[in-house]
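Worksheet: the structure to be examined is printed underneath.
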Amino acid sequence: MKFLRSSALTLAVGYIGLGLASLALFAAPLWYAWRVTIQEGRNEVLQSDALRLTEVFRREGAPGLVSYINTRVGMQIAGERQLLLADSRSIRWPAT
């Protein structure tokens, strides 16, 4: 029991607590910056893509949307994004 009351243990626990508090103070602003810039930016891109695709579908129907997606996929860098066109029964367009 004398070990639990030693000044070395108290000092070690104090340094661990100080380290954790410093880490939390350093990480909190980084987490907030990531959340604001990356996550919200990604959501904006996805929403604008969804609106654009919806507008193309309203104007030109499914064949026009297939053509639009094929054109966009052809202009993209491989692996950058993935687009899947399916109906409510999960049938891909054009049906194969």
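The values are calculated or read from the model by the stated rules, or taken from the named source; none is laboratory data. What you see is a predicted model, and the numbers here were worked out from it, not measured in a lab. Note that we place each Cβ from the backbone using ideal geometry, even for glycine, and neighbour counts take in every protein chain shown.
Quick rundown of the values:
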item: Residue in segment 37-45 that is of a type in the set (V, I, T) and closer than 30 Å to A86 by Cβ present; result: yes
item: Residue match in segment 70-78 (condition: surrounded by 11 or more Cβ atoms within 10 Å (Cβ to Cβ), in a helix (DSSP H, G or I), among the hydrophobic types (A, V, I, L, M, F, W, C) and modelled with pLDDT of 80 or more); result: no
item: Some residue of segment 5-12 being of a type outside the set (K, R) and exposed (fewer than 10 other Cβ atoms within 10 Å of the Cβ); result: yes
